[in-house]
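Peer 1: Dumping the structure here so I can ask a few things about it.
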Amino acid sequence: MMIFEILKHQARITAFKSVIRQIPLRRQLHQTVRTPPTRYGTKVFIGLGAGVSLLSLGYNSQVHNDVHAMDTSIHELTPISTADTYESGLYQASQKEEYDQYDAYRKSKTQHPSILVRTLYKTMFFLQDYLIDPIVTFSRFIELSCLFLPVLLSSPICWFGRKHRNADGVLVRTGATLWYRYLRWSAEQAGASFIKLGQWAASRTDIFPQEMCDELATLHSHAKAHSFHQTKKILEKSFGGLPFNQIFDEFDEKPVGVGAIAQVYIAKLSKKALNQAAKQEAEIQQRLKHKDKAHEPQFFENLIVTENLDSNERVAIKVLHPKVEININRDLKIMKFFADFINIIPTMEWLSLPDEVEQFSILMRLQLDLRIEALNLAKFRENFKSRLDIHFPKPYLSFTTRDVLVEEYIYAIPLSKLLSLTDNFGKNLSKEISDKGLDAFLKMLILDNFVHADLHPGNMMVRFYKNEHFKHEKEYKIVKTSNEQETNKITEELMKLGNNQTAWCEKLALLYEHGYHAEICFLDVGLVTELNHTDRVNFIDLFKALSEFDGYKAGELMIERSRTPETAINKEIFALKVEKLVDRMKLRTFTLGTVSIGDLLDQVLSMVRNHHVRMEGDFVSVVVAILLLEGIGRQLDPKLDLFQRFVYALLFGFPTEEMDIFY
């Protein structure tokens, strides 16, 4: 019995590892086969006995190949307080809930009062763990091998072909360009997990070549939408078993967007659904009142769940694809196998690919619980509650579950549209959008330590409101004198202009003269970057060295506080390169007055890759966000100097656009 208890303990720690092979049953069975011939009946008896023993042992070892949530109708999720960060606390709480549900489900079935039912479930679980799941996983492994083995074997083509300049003016061989495109195509064919892996790899210029990252950044999901029938089943479960036609007054059956993990619909909730949410909200508030008075309530405990939602308000509904979690978990196991294999290759250990796959696994699982995105929205709204010109959609936690996210639908202009209006760059509302977007990011980074980790034009939208107190000048106080209907009307008028750039520029200038200002809306906050105490100290020390133009010290800090300082090569040369780069930045600061901190960080990441300096993933995420935001800001306002604004924010606070008075 002690052996079985040890096996159970080990299975809980490594849920996906089989421990059967640790028991010398094979040797015992082998000895059984070598015994002298027996009668047929005796052989059958021995075979059945061995089968039952193996079945019992298989169940007791509790090998869980694909742990997944059994109850996806739970609305609440409270972060674990002992975690390093808020986001980490949400992740740990979500995973704990999932494992507890899975273990409780199996325990309830295998301890059924009926011996027949117990035996059937034990047999079913054993077959699932040791036959069905391994066969499916192996089939997926063969499929992925057929896709990526040719990619691996064709990699030497990167060394051949003429050198040419790509869209960014970087010299790259024709063979490398072709191979990167082949890699991107293979990732698209491999499905959701590998599309997300490619998009994640595109942000890791500290590990992979810039040209490869640029190609992977163009990855698009060609996921097929799941059926409306499946959506109805998921939504009915999320809304406590209410029939679908009683949940919504209106529901557009065609999804407005289909991604690798989920798809999005637009709808209007019924009064019955809203009344049910109000009742649940009252129960939550009552429960919170009975908590220990010494307990300091967190912001999410005081959320007004429905936030005055009525049946006339449209909502966006994100629904996970059925079985997407099981499929992704299977792919993550295969990725880990490949990462462990590559890590064995000499000179490849500096990449720490097994650790990177583990970090990527966390990023994927964060997106598989939509309650985490809802709570991220709530936290961003709390952080920006004093900024009326920065908006995050309202999450409706009474309707949100692991599989379903219900949030406010925002009718606004995609930022990508405004980035195409080249004639308006640096003028009126385009400059204001740049200033406000940059201030929002710096606040996330410096004050809140809670940064949107997927800041690209597709996740940023703009709408316009009227401020009669401060027409076409800096808003020393934001007072919205236009209502939601007027704001939506302005958006509709602009969208009707289509691709007529001249008409767009004229309309924006007119709006600016009439006292309209920009409101930035941020979407898709499933992933955030939150530095723990150690990483935050390292980031501040590094920025302090850069602001003092001490490049050599900055280079030393990057090596000393990297994940694996011992794997860095030519440490002295690396520090000297950073020093030379910072000296060039200093010279440019005092001559031209503007510095592209994005170019600086981009070159630093290239040096990091060449010298095998392993940076923390969250730190790199912050750097990538800075690169993206500066790129967007400089398009809208060519005179933007992020470095100056960063320093001003640290010294004087916000808004940083007031620094224009001093320059």
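The values are calculated or read from the model by the stated rules, or taken from the named source; none is laboratory data. Keep in mind it's a predicted model, so treat the numbers as computed, not measured. Note that we place each Cβ from the backbone using ideal geometry, even for glycine, and neighbour counts take in every protein chain shown. To get the accessible areas, we keep the full protein, side chains included, count just its heavy atoms, and leave off ligands, DNA and RNA. Shrake-Rupley method; radii C 1.70, N 1.55, O 1.52, S 1.80 Å.
Peer 1: Once you have a ≥ b ≥ c as the square roots of the Cα gyration tensor eigenvalues for segment 315-472, tell me rounded if a/c is under 1.5, and otherwise prolate or oblate according to whether a/b is larger than b/c.
Peer 2: Cα axes put segment 315-472 in the prolate bin.
Peer 1: What is the calculated FRET efficiency for Leu178 to Asp71, with r their C-beta to C-beta distance and R₀ = 41 Å, to the nearest 0.05?
Peer 2: 0.25
Peer 1: Just order 266-277, 423-434 by mean Cβ neighbour count inside 10 Å, highest at the front, would you?
Peer 2: In descending order of packing, they fall as 423-434, 266-277.
Peer 1: Using 0.36 nm per residue of separation minus the Cα-Cα distance, give me the extension gain between Phe244 and Glu548 in nm, one decimal.
Peer 2: Gain in length upon complete extension: 103.3 nm.
Peer 1: As a quick test, which of the pairs Lys268/Lys443; Lys96/Lys333; Lys232/Lys496; Lys163/Lys196 have an alpha carbon distance above 22 angstrom in this structure?
Peer 2: Lys268/Lys443; Lys232/Lys496; Lys163/Lys196
Peer 1: Just to confirm a number: summing +1 for Lys and Arg and -1 for Asp and Glu over residues other than Met348 whose beta-carbon lies under 14 angstrom from that of Met348, what do you get?
Peer 2: Neighbour charge sum, excluding Met348 itself: -2.
Peer 1: Starting from the Cα-Cα distance between Phe228 and Glu486, subtract it from 0.36 nm times their residue separation and give me the gain in nm to one decimal.
Peer 2: Taking 0.36 nm per residue and subtracting the Cα distance, the gain is 89.5 nm.
Peer 1: Next question, about the same structure. Given points 7 Å out from each Cα along the Cα-Cβ axis, report the Asn500 to Trp185 separation in nanometres with one decimal.
Peer 2: About 4.2 nm separates the two model spin labels.
Peer 1: Given 0.36 nm per residue, what is the gain on full extension from Thr567 to Lys507 after removing their alpha carbon distance, in nm?
Peer 2: Going from the current span to full extension adds 16.0 nm.
Peer 1: A follow-up question, please. Excluding same-chain pairs closer than 8 in sequence, count the lysine pairs in segment 498-592 whose Cα atoms lie under 19 Å apart.
Peer 2: Step by step, the pairs that qualify in segment 498-592 add up to 10.
Peer 1: Looking at the square roots a ≥ b ≥ c of the eigenvalues of the Cα gyration tensor of segment 390-450, which shape do they give, rounded for a/c under 1.5, prolate if a/b is larger than b/c, or oblate?
Peer 2: Oblate.
Peer 1: Tell me, what is the FRET efficiency for Arg536 and Glu253 to the nearest 0.05, using R0 = 51 angstrom and their Cβ-Cβ distance as r?
Peer 2: Given R0 = 51 Å and the Cβ-Cβ separation, E is 0.65.
Peer 1: Under a 1.4 angstrom probe, counting protein chains only, how are Thr174, Thr347 ranked by accessible area, largest first?
Peer 2: Reading off the accessible areas and sorting them downward yields Thr347, Thr174.
Peer 1: What distance in nm separates the simple spin-label points at Phe160 and Arg118, each placed 7 Å from Cα in the Cβ direction?
Peer 2: 6.6
Peer 1: Sort Ile234, Ile195, Ile157 by accessible area with a 1.4 Å probe, largest first.
Peer 2: Ranking Ile234, Ile195, Ile157 by accessible area, largest first, yields Ile157, Ile234, Ile195.
Peer 1: Taking a point 7 angstrom from the Cα of Met348 along the C-beta vector, which residues in segment 198-214 have backbone N less than 20 Å away?
Peer 2: The answer is 198-202, 204-210, 212-213, whose backbone nitrogens lie closer than 20 Å to the label point.
Peer 1: How far apart, in nm, are two points set 7 Å out from the Cα along the Cα-to-Cβ line at Asn275 and at Ser386?
Peer 2: 4.2
Peer 1: Output the pairs from Lys417/Lys466; Lys237/Lys323; Lys394/Lys436; Lys254/Lys436; Lys272/Lys489; Lys385/Lys466 with a Cα-Cα distance over 24 Å in this structure; if there are none, say none.
Peer 2: Correct reply: Lys254/Lys436; Lys272/Lys489.
Peer 1: Let me ask another. If ligands, DNA and RNA are left out, what is the accessible area of Met558 with a 1.4 Å probe, given in Å² to the nearest 10?
Peer 2: Accessible area, nearest 10 Å²: 20 Å².
Peer 1: Taking the mean number of other Cβ atoms within 10 Å as a proxy for protection, how do you rank 183-192, 74-83 from highest to lowest?
Peer 2: Ranked from most to least packed, the peptides come out as 183-192, 74-83.
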